[in-house]
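Remarks on the structure that follows.
The values are calculated or read from the model by the stated rules, or taken from the named source; none is laboratory data. Here the structure is a predicted model, which means the values were calculated and not measured. Cβ placement follows ideal geometry from the backbone for every residue including glycine, while neighbour counts extend to all protein chains displayed.
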Amino acid sequence: MMMANKKHILLIFVILVIAVGAISIASAYTGTGFTHNIPTSKYHDLSANDILSKFKDTDCHVEESAICTQVVDGDTIYLDNGKKVRFVGVNTPERGVEGYITSKNFVQKLCLNKKIGLDIDDSKHNDKYGRTLAVVIVDGKNLNEMLLKEGLAEVMYIPPSEFYPYNWADSSTHIPNSYNTLANTNKDTSSNLGSYIGNSNSGKFHESTCKWGQKTAEHNRVYFSNRNAAISQGYQPCKVCNP
Ligand SMILES: [Zn+2]
């Protein structure tokens, strides 16, 4: 009897270790193989101010400021306060693949040796490598959002997060996998965008035929082509349509 209990406990422990490991791998800010073919020459003749002037001021708040001392790549920088910052919600090409230099140069032009602001993710301050997860703010502009709108980064949404990067995306943005947002299209609910409608505000998702799904405000809509995509993004099924 005693032995059976011990085995049972050991088994539960092993399952827990595997589950925690799987979750941490699934939610890591790591490379995805994302590339783009925007040439470095696109930004050669533009000053930082030329680029910044194309974008609107952000609603994000500067919680702390520091000087950027090194740009590792398009989504990772070092600050003079010792912090290593991973831009939250986005992913740029890794070293050695197409697009890496353009994305890195873009961030260098806007950040290097300059005072930048951070809006740190209140839902998750650090990734598993100890990097601070934050929106990087340059002259009142959200640099994470700029990278997406320029096509220099793809969306990398890892809940829990204070920020919802699909709201920063536009037609130049690479949206990974099996889902689309209305930020990308302008359109109508019943077309072939996806079989399920998510509400980024409530965190619920619906059958596309559900009246509650169809009442979702356009700016909160996220489309999923399958149920697993919604679940893996942290959405919960509607209790009415039970998708
Ligand atoms: Zn529903």
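Structure values in brief
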item	result
Selection count where residues are in a strand (DSSP E or B) and out of contact with any Cys (no Cβ under 7 Å at 6 or more places or on another chain), scope the stretch 137-160	3
Residues (at positive phi and either assigned by TED's automatic domain parsing to the domain that holds Tyr164 or away from the ligand (no atom under 15 Å from the Cβ) (or both)) located in the stretch 200-237	Gly234
